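The values are calculated or read from the model by the stated rules, or taken from the named source; none is laboratory data. These numbers were taken from a predicted model, which means no experiment stands behind them. Positions of Cβ are generated from backbone atoms using ideal geometry, with glycine treated the same way; all protein chains shown enter the neighbour counts.
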Amino acid sequence: MMKSGYKQSEVGPIPEDWGIEKISNLASITTGSRNTQDRKPDGEFPFFVRSQLVERIDTYSYDGEAVLTAGDGVGTGKVFHYINGKFDYHQRVYKISDFKPVLNGFYFYNYFSNRFYDRIMAMTAKSSVDSVRMEMIANMWIPLPPLQEQWAIADALRGVDGLLVALDRLIAKKRDMKTAVMQQLLTGERRLPGFNGRWVEKSLGEVCSYINDGTHYTPKYVDDGVPFYSVETITENNFSNTKYISRNAHELLIKRCKPERGDILMTRIGTLGQTKLIDWDVNASIYVSLALLKLKDRVHIEYIYRYTKSERFVQDVEQRSLLHATPKKINVGQIGDIPIYMPVEEEEQIAIAQILSDMDAEIAALEARRAKTQAIKQGMMQELLTGKTRLVPHRPPP
């Protein structure tokens, strides 16, 4: 039953005093004329290509308010930009601009970017879409609240976007600071107060009691069993959504390679040198694409783990990889040759690891805050763009 004060429309229930119109009747839709190679790293103007990254260019073909979206590629239906100023854009990027007086451009940007992907997926029988046709945009219906309400919605969402941008900048700043601190602390370039002992360079083989890779054959997967970790488990940092193998297969595999709390997992095929410290009670097996590092008792685990997160470590992994292997690969023997630079005093190792751990915790807290803010924005859009929540006084049409 329709809620009082609402009516059915092509986009679902909307308030009775809202209109609805196709994009083609509200704005102009064009594609650009530039190619990716036209970009200039130090160019004066924004250059919109088919990704979320905004390039630079020395020319502009439009000056004004516009919404842009990728016409093909991996960003199809997922990449959107809003701008009000001078810019240029790729030949496979759609520009929606010259909005009619009845439409607020930033209101349109939020509605379009929130709903367009579902529209194009509904128009294809495949699980993904390769490209956007002009009519996919032109014939899309847009609800039209009274203009005053569009402005109110736009202002509310712009405020949340401002907070998200500020959080993104702060997170980027904190990450840059951490990278700089890692470079200084993990090389001995900067010493912490109270420490002046010597540093040594050891190989990973010297600080580990055991280095081995996982099973060299692909076991049969089951719906419910023992977790089976692979490269994607590490790169996506997702240990809950994994493949599973039977308990019998697991018991056979751990005779060769058994992960335990305090071990480090490292990617060695495809993506090289990404690591994860197992700091939980684990019952799992690993694939050949991962190496298992068991550290000696007198080595501080957290320090070695933090060192594996440094650019220097990843570069050393790359240098020891098989040059012509496809996909890229580093053998277990070469992993043991990777150098680790460390203070002799374990207390200094502990102090360095604690500083880096605290910085990680601060970044994680900011990322959690950003995720919560993004969720709030999604909830706001669900309410405001459907008329479930109204921001300005309204009355139904006579």
Legend entry - Options Val67, Val79; residue that is surrounded by 15 or more Cβ atoms within 10 Å (Cβ to Cβ), within 30 Å of the chain's Cα centre (by Cα) and in contact (Cβ under 8 Å) with a residue 40 or more places away in the chain: Val67
Inset, instruction - Mind listing just one residue for me: the one in region 311-328 that is in contact with a strand residue (DSSP E or B) (Cβ under 9 Å, 6 or more places away or on another chain) and either in contact (Cβ under 8 Å) with a residue 12 or more places away in the chain or charged (D, E, K, R) (or both) and, of those, farthest from Asn196 (Cα to Cα)? - result: Pro327
Inset, instruction - Determine if region 6-16 includes at least one residue that is exposed (fewer than 14 other Cβ atoms within 10 Å of the Cβ) and at positive phi. - result: yes
Legend entry - Checking Thr271 against (1) touching a residue at least 40 places away in the same chain (Cβ under 8 Å); (2) assigned to a loop (DSSP other than H, G, I, E, B); (3) buried (at least 20 other Cβ atoms within 10 Å of the Cβ), the condition it does not meet: (3)
Inset, instruction - Answer yes if at least one residue in region 348-366 is surrounded by 17 or more Cβ atoms within 10 Å (Cβ to Cβ) and closer than 24 Å to Tyr229 by Cα, and no otherwise. - result: no
Inset, instruction - Return a yes/no flag: does region 139-149 have any residue that is surrounded by 19 or more Cβ atoms within 10 Å (Cβ to Cβ), acidic (Asp, Glu), within 20 Å of Lys388 (Cβ to Cβ) and not assigned by TED's automatic domain parsing to the domain that holds Ile20. - result: yes
Inset, instruction - Within region 378-394, identify whether any single residue is among the β-branched types (Val, Ile, Thr), at pLDDT 95 or above, in contact with a helix residue (DSSP H, G or I) (Cβ under 6 Å, 6 or more places away or on another chain) and farther than 20 Å from Gly188 by Cα, and answer yes or no. - result: no
Legend entry - Residue count, region 329-345 (criterion: without any contact (Cβ under 8 Å) to a residue 40 or more places away in the chain and either loosely packed, with under 15 Cβ neighbours inside 10 Å or of a type in the set (A, V, I, L, M, F, W, C) (or both)): 1
Legend entry - Residue that is nearest to Lys294 (Cα to Cα) [pool: residues in region 210-257 that are surrounded by 13 or more Cβ atoms within 10 Å (Cβ to Cβ), of a type in the set (D, E, K, R) and within 31 Å of the chain's Cα centre (by Cα)]: Asp213
Legend entry - Boolean, Val314 is of a type in the set (A, V, I, L, M), over 19 Å from Lys178 (Cα atoms) and modelled with pLDDT under 95: no
Inset, instruction - Read through the list (1) out of contact with any Gly (no Cβ under 9 Å at 6 or more places or on another chain); (2) in contact (Cβ under 8 Å) with a residue 24 or more places away in the chain; (3) assigned to a helix (DSSP H, G or I), then give the number of the only condition that Ala166 fails. - result: (2)
Legend entry - For Met2: the one exception among (1) out of contact with any Asp or Glu (no Cβ under 6 Å at 6 or more places or on another chain); (2) in contact (Cβ under 8 Å) with a residue 12 or more places away in the chain; (3) among the hydrophobic types (A, V, I, L, M, F, W, C): (2)
Inset, instruction - Identify the single condition in (1) in contact with an Asp or Glu (Cβ under 6 Å, 6 or more places away or on another chain); (2) crowded, with 19+ Cβ neighbours inside 10 Å; (3) closer than 30 Å to Asp17 by Cα that Ile57 does not satisfy, given that it satisfies every other one. - result: (3)
Legend entry - Selection status of Asn104, of a type in the set (S, T, N, Q) and touching a helix residue (DSSP H, G or I) at 6+ places or on another chain (Cβ under 7 Å): yes
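Every residue, every condition in (1) assigned by TED's automatic domain parsing to the domain that holds Val181; (2) part of a loop (DSSP other than H, G, I, E, B); (3) among the hydrophobic types (A, V, I, L, M, F, W, C), yes or no:
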position	(1), (2), (3)
Lys255	no, yes, no
Pro259	no, yes, no
Lys276	no, no, no
Leu292	no, no, yes
Arg298	no, yes, no
Glu302	no, no, no
Leu323	no, yes, yes
Legend entry - Search result, residues across region 198-218 that are assigned to a loop (DSSP other than H, G, I, E, B) and basic (Lys, Arg): Arg198
